[in-house]
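Visitor: Handing you this structure, nothing more for now.
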Amino acid sequence: MTVACHFISEASKAMPDDDQSLTGRRANSVAPAYAPPQPLTLRINGTEHNLTIEPRVTLLDALREVLGLTGTKKGCDRGQCGACTVLVDGQRINACLTLAMMHDGREITTVEGLGQEGQPHPMQQAFMDCDGFQCGYCTPGQICSAVALLDEVKARQASMLTEGDQLAPGALSQDEIRERMSGNLCRCGAYPNIVKAIHSVVLRQA
């Protein structure tokens, strides 16, 4: 420690006047104002949760760390893998890229809220029937995204690949499914069975 401190001291002596001035300004600068915790209500899977949290907390961390809803996974934490996908007012979003405060009072659905005990959601059942997972880490996000996909097709929302009758009941091709699920990555490479699971639900609901 003595050597390190001596080195820093000698280095600071050798610094140009401009650098020393800059260092002094940084040391004397006032720290940013602290944003105190704020109250909000998150309506998750039909239940209201009244919280008081810091404005900087993401929706993902609020779900996992505050409310204990660990079905939603933290993967890349950069919005690239889709493991944290949840539904907000029926639309799929990456929970790691949005602040919890932005969703005060909105309807949030996580993988825990898709089915009931002993009665899984048809998409959850399809993933089990078609073996659409290996390690399972990305599966909650995959399933939430797939559920939103079905609603988007029912609302006749096109993708980059949509042509002709692609949005007709039961006409969704596997390529179209792949395009719509491209925001959800599976590091195990279970894509064929994921597509098969989603396609099976599309055909049943046609």
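The values are calculated or read from the model by the stated rules, or taken from the named source; none is laboratory data. From a predicted model like this one, the values you see are computed outputs, not experimental measurements. Here the Cβ is made from the backbone with ideal geometry for all residues, glycine too, and neighbour counts use every protein chain on show. These area figures cover heavy atoms from the full protein model, side chains too; ligands, DNA and RNA do not enter into them. Shrake-Rupley method; radii C 1.70, N 1.55, O 1.52, S 1.80 Å.
Visitor: Keeping to segment 102-121, report how many residues are over 22 Å from residue 80 (Cα atoms), in contact (Cβ under 8 Å) with a residue 24 or more places away in the chain and either open to solvent by less than 60 Å² (accessible area, probe 1.4 Å) or assigned to a strand (DSSP E or B) (or both).
Guide: Of the residues in that region, 5 qualify.
Visitor: So which of 90, 118, 68 is small (Gly, Ala, Ser) and touching a helix residue (DSSP H, G or I) at 6+ places or on another chain (Cβ under 7 Å)?
Guide: 90
Visitor: Given the structure, is residue 125 open to solvent by 50 Å² or more (accessible area, probe 1.4 Å) and in contact with a Lys or Arg (Cβ under 9 Å, 6 or more places away or on another chain)? Can you show your working first?
Guide: On the way: open to solvent by 50 Å² or more (accessible area, probe 1.4 Å): yes; in contact with a Lys or Arg (Cβ under 9 Å, 6 or more places away or on another chain): no.
For residue 125, the condition - open to solvent by 50 Å² or more (accessible area, probe 1.4 Å) and in contact with a Lys or Arg (Cβ under 9 Å, 6 or more places away or on another chain) - is not met.
Visitor: Within segment 124-143, how many residues are outside any loop (DSSP other than H, G, I, E, B) and touching a residue at least 60 places away in the same chain (Cβ under 8 Å)? Before you say what the answer is, go through the steps one by one.
Guide: Start the filter on segment 124-143 by keeping residues that are outside any loop (DSSP other than H, G, I, E, B), which leaves 124-129, 139-143.
Narrowing further to those that are touching a residue at least 60 places away in the same chain (Cβ under 8 Å): 126-127, 129, 140-142.
Qualifying residue count for the region: 6.
Visitor: Select from segment 62-93 the residues that are free of Cβ contacts under 8 Å to residues at least 40 places away in the same chain and within 12 Å of residue 140 (Cα to Cα) and write down the one among them that is nearest to the chain's Cα centre (by Cα). Even if it seems obvious, please write down each step before you answer.
Guide: Looking only at segment 62-93, we keep the residues that are free of Cβ contacts under 8 Å to residues at least 40 places away in the same chain, and these are 62, 64-68, 70, 74, 76-79, 88-89, 93.
Adding the requirement that they be within 12 Å of residue 140 (Cα to Cα) leaves 70, 74.
On the way: 70: 12, 74: 7 Å.
Among residues in segment 62-93 that are free of Cβ contacts under 8 Å to residues at least 40 places away in the same chain and within 12 Å of residue 140 (Cα to Cα), the one nearest to the chain's Cα centre (by Cα) is 74.
Visitor: Can you give me the number of residues within segment 31-61 that are without any contact (Cβ under 8 Å) to a residue 24 or more places away in the chain and not in a loop (DSSP other than H, G, I, E, B)? Step through it out loud before you land on a result.
Guide: Step one: filter segment 31-61 for residues without any contact (Cβ under 8 Å) to a residue 24 or more places away in the chain, giving 31-37, 39, 47-50, 52, 54.
When the remaining residues are screened for being not in a loop (DSSP other than H, G, I, E, B), the result is 39, 47-50, 52.
The total comes to 6.
Visitor: Residues in segment 46-62 that are closer than 22 Å to residue 75 by Cα and crowded, with 16+ Cβ neighbours inside 10 Å: how many?
Guide: 6
Visitor: Based on this model, can you work out whether residue 157 counts as modelled with pLDDT of 95 or more, closer than 24 Å to residue 107 by Cα and within 23 Å of the chain's Cα centre (by Cα)? I'd like the intermediate steps shown before the answer.
Guide: Values: modelled with pLDDT of 95 or more: no; closer than 24 Å to residue 107 by Cα: yes; within 23 Å of the chain's Cα centre (by Cα): yes.
For residue 157, the condition - modelled with pLDDT of 95 or more, closer than 24 Å to residue 107 by Cα and within 23 Å of the chain's Cα centre (by Cα) - is not met.
Visitor: What number of residues within segment 145-164 satisfy the criterion of being open to solvent by less than 70 Å² (accessible area, probe 1.4 Å), without any contact (Cβ under 8 Å) to a residue 60 or more places away in the chain and either touching a helix residue (DSSP H, G or I) at 6+ places or on another chain (Cβ under 6 Å) or at positive phi (or both)?
Guide: Of the residues in that region, 3 qualify.
Visitor: Which of the residues spanning segment 181-197 are open to solvent by less than 20 Å² (accessible area, probe 1.4 Å), in a helix (DSSP H, G or I) and touching a residue at least 24 places away in the same chain (Cβ under 8 Å)?
Guide: Step one: list which residues in segment 181-197 are open to solvent by less than 20 Å² (accessible area, probe 1.4 Å), which gives 181, 184, 186, 190, 194-195, 197.
Pick out the ones that are also in a helix (DSSP H, G or I) and you get 194-195, 197.
Passing the criteria: 194, 197.
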